[in-house]
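Some notes on the structure that comes next.
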Amino acid sequence: MNVINMSLFSDGTWDDNLYTGIGNRLVQKGVMVVASAGNTRSGGLGMLGAPAGASGFIAVASAILPELYSLTFNVTYPSTDGTNTTLTMMRSEVEESFIGTNVTDVPLVRGLNADGADLMCSPIVNDVRGKVVLMQSDDCSYSDAAKLALEAEASFLIIYDTEDSLVSRVTYFEEVNLPSMVITPGDGGRLLGILNSTAAGSVL
């Protein structure tokens, strides 16, 4: 049996590549062609379309499945009847982006820039020292946003998405020693509503 191993050098459009045409001809001649992908990274087979490679190919790939850790965030605030209400949010993060922390009784505030907006890519000008800072997603990386929050001495960063799509996970492209999580637009709106209706300085 004749077997040829072909390692994919790019994702996505490999089915239009010259190597695919050659591989198809080999398959027609009875040669078994094995196309491999993702052997040195976490994307693996999930990065390929189907069929992966071409008709008649055998597609193989690694898939390094990361461990997931849960992040739980509780916000306690005074409700209209005078009692306290607790809002709980939970997300999972992959191992390389997870920074374990356990803090209690920490104020929640919006991180505001010089224009009064809470976009995560702008330097924070209000006092967020030691606090959980809430910011809106923007065009920069989570690493850059976390560095800005860390420079302002925040203790935790919460980013709320603005589009009703699949909520992304926090991925740092470089090491930033600040725990972070991303929440949905709906949850972000709930937190903003709580902040807008709660007296300044209250511990949330």
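For segment 134-156, the tally of residues that are in a helix (DSSP H, G or I) and among the small types (G, A, S) stands at 4. Mind telling me which of the residues G130, G186, G116 ends up being surrounded by fewer than 16 Cβ atoms within 10 Å (Cβ to Cβ), modelled with pLDDT of 75 or more, not in a loop (DSSP other than H, G, I, E, B) and not basic (K, R)? After applying the criteria, what remains is G186. Taking L65, is it over 18 Å from N177 (Cα atoms), within 22 Å of the chain's Cα centre (by Cα) and at pLDDT below 80? In short, yes.
The values are calculated or read from the model by the stated rules, or taken from the named source; none is laboratory data. It should be emphasised that the depicted structure is a prediction, and the values quoted were computed from it without experimental measurement. Positions of Cβ are generated from backbone atoms using ideal geometry, with glycine treated the same way; all protein chains shown enter the neighbour counts.
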